[in-house]
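What follows is calculated from the coordinates using simple rules that are stated; it is not laboratory data. From a predicted model like this one, the values you see are computed outputs, not experimental measurements. Positions of Cβ are backbone-derived with ideal geometry, glycine not excepted, and every protein chain shown enters the neighbour counts.
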């Protein structure tokens, strides 16, 4: 290969590696000169050749970018109800491609497709690439939920179809799904789950065929609207018989044998602090002042992994669910109620198995020691946020239960420690969104009657502070042990989204001097602080959230941007999140097997699947 050919190949590979990057000649020369001796005229020749061969495009002002014309790539089709759509490519470095309604190949929303770029992007006027779907490689929708409409007897005979279903999904609403008569037989107005057997094509672009699998109920019956959404999102509501048999075989109390190898902390005045209507309690806390002036913070978490062993029916079902799903009027739990509200719930006055994380924290908020270990505890009080806030309010004189009087000195120390921890997080740049929580009130028929805003008080904030501290401590410990582990990560936001957000807030007179390529959490924290208490606070926070990446689970310690935390995991909610259950399982196994290499290899092979499943199920529950 000649020098010219080598430079040409290197220049083109630079563009291919960063297809959305806009380079100038100086930037290319700097980047390429790091690894080789570069002749400037050879670089100019290479750029001229690539431009003439339409491999790159230019703005005429010295900027160059890869020309994606005729590129073929795979991605997910996102349909618009007007017929056109966009493809989000698997290669995240590629810009979403517009798909005209005549170029969709009858793909429907969620299909995985192969796309050919038929018009390259023009980065200098903001126009993205345009594509043409060449092939549908995998269907994104195999089942759906909709309202059943029967055909007349005559039409049933002539068409062979029992009736048709119309999806509740706005992007699928235009399709008539003809129902064959070899499934269940719904009645007019019933909400049914349908398995798709034939998709739109050239002959029937607005129709599909399917089999009715399940009748959820009539659309006017109470609760059917909620359950239709649940079924449509494939949220599991029924328990396999084997999983229920396993749950029912678990004792409803802690046995002497189970307590034998654990630290007994039943004398510690640990309490649970939750909402008024909470039924399961997976975290308890205790705080006291040490003789050296530091704080002892104990965070004790229900040891679900003791009862849900790897590979058992309960474990397989919990993995499939991924997490509990919280709806307006009900909870679809990750674990059967016998566990979530029984033996795994830290109910007041009874012994429970927990994983403990004890931390010693200075008055400046620095953690100077910690210990993670299995123990047995007894909750000294089921406290509520509302009543704890009353205890902490110097102007409140309402008479409360004796347990609140007993816990009052510790609750005040907890509030002091929270203030210390909050200040420490704020100093490092954690972004604090102080949005009120909205609770929808429903009547006995499941119809919404009111929306109540709930402002978080000190009680809610201090429990959050303690859980964050425990999560960071556990994550850092296993990172430093170089053990395979599951992390909760929140990556640095994209430059383009940050640039758009900064331009947006400038309309409110906020002059942001931060480089969008090098955003730090503290930069966004300052914007939040500047808008606090202003009319634009809510919209600025909403646009900021949209500009950030979604948090997810990963075997890699990628850090948590929003919390400005280098190490972070989910350790504190194993009753309702499989990620936390997995973390507990690893902690136990690493301790029991003395960090055995075989155990590490075993978990390393599992973690990618666990990270993907828990991230996917979390998104499904949120949707």
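Using a Förster distance of 51 Å, how high is the FRET efficiency between residue 201 and residue 558, based on the Cβ-Cβ distance and rounded to 0.05?
Details: r = 43 Å, r/R0 = 0.84.
Rounded to the nearest 0.05, the efficiency is 0.75.
If you look at the Cα atoms of region 3-66, you get an Rg and a Dmax of 10.5, 28 Å. Based on Cα contacts under 8 Å between residues 6+ apart, the chain shows a relative contact order of 9 percent. The stretch between residue 397 and residue 517, if pulled fully straight at 0.36 nm per residue, gains 37.9 nm over its current Cα-Cα span. Distance between the modelled labels on residue 166 and residue 435, one decimal in nanometres: 3.2 nm (7 Å Cα→Cβ projection).
If r is the Cβ-Cβ distance from residue 102 to residue 592 and R0 is 41 Å, what FRET efficiency results, to the nearest 0.05?
On the way: r = 62 Å, r/R0 = 1.50.
Once rounded, the FRET efficiency stands at 0.10.
Averaging the Cα positions of each part gives two centres, and for region 371-426 and region 250-326 these lie 18 Å apart. Which percent of the Cα-Cα distances in region 492-548 go past 16 Å? Result for the distance tail: 32 percent. Here each label is just a point 7 Å from Cα along the line to Cβ, and for residue 266 and residue 158 those points are 7.8 nm apart. Shape summary of region 171-288, radius of gyration then Dmax from alpha carbon positions: 24.4, 74 Å. In summary, the convex hull built on the alpha carbon positions of region 553-623 has an orientation-averaged projected area of 5.4 nm². Please list, in order, the residues from region 576-608 whose amide nitrogen is less than 18 Å from a point placed 7 Å along the Cα→Cβ vector of residue 482. 590-591, 594-605, by backbone N distance to the label point.
Relative to the present Cα-Cα distance, how much length would full extension add between residue 257 and residue 234 at 0.36 nm per residue of separation? Mind dumping the intermediate values first?
On the way: separation 23, 0.36 × 23 = 8.28 nm, distance 3.98 nm.
Taking 0.36 nm per residue and subtracting the Cα distance, the gain is 4.3 nm.
Computed with the Debye formula from one identical point scatterer per Cα of the chain, without solvent, the log10 of I(q)/I(0) at q = 0.06, 0.07, 0.08 Å⁻¹ comes to -0.44, -0.59, -0.77.
Find the eigenvalues of the gyration tensor of the Cα atoms of region 143-232, then list the square roots of 5 times those eigenvalues as equivalent ellipsoid semi-axes, largest first, in whole angstrom. If you can, show how the numbers build up before the last one.
On the way: eigenvalues 83, 49, 21 Å².
Semi-axes from the Cα gyration tensor: 20, 16, 10 Å.
List 496, 256 from most exposed to least, where exposure is judged by having the fewest other Cβ atoms within 10 Å. Present the calculation step by step, with values, prior to reporting the outcome.
Numbers: 496 12, 256 6.
Ascending number of Cβ neighbours within 10 Å: 256, 496.
With a Förster radius of 35 Å applied to the beta-carbon distance between residue 137 and residue 173, the computed FRET efficiency rounds to 0.90. For region 72-138, what are the per-bin percents of Cα-Cα distances with bins 10 Å wide, up to the bin holding the maximum? Per 10 Å bin, starting at 0, the Cα pair percentages come out as 25, 58, 16, 1. Ranked by how many other Cβ atoms sit within 10 Å of their own Cβ, fewest first, the residues 29, 556 fall in the order 556, 29. Remark: region 350-493 is approximated by an ellipsoid whose semi-axes, taken from the C-alpha gyration tensor as √(5λ), come to 30, 22, 19 Å, largest first.
Could you order the peptides 288-296, 469-477 from most to least packed, using the average number of other C-beta atoms within 10 Å per residue? Please report the intermediate quantities before stating the final value.
Details: 288-296: 13.0, 469-477: 23.2.
The densest-packed peptide leads the list: 469-477, 288-296.
For the pair residue 226 and residue 30 in one chain, pulling the backbone fully straight at 0.36 nm per residue adds 64.8 nm over the alpha carbon distance. Extending 7 Å from Cα along the Cβ direction at residue 341 and again at residue 13 yields two label points whose distance is 6.2 nm.
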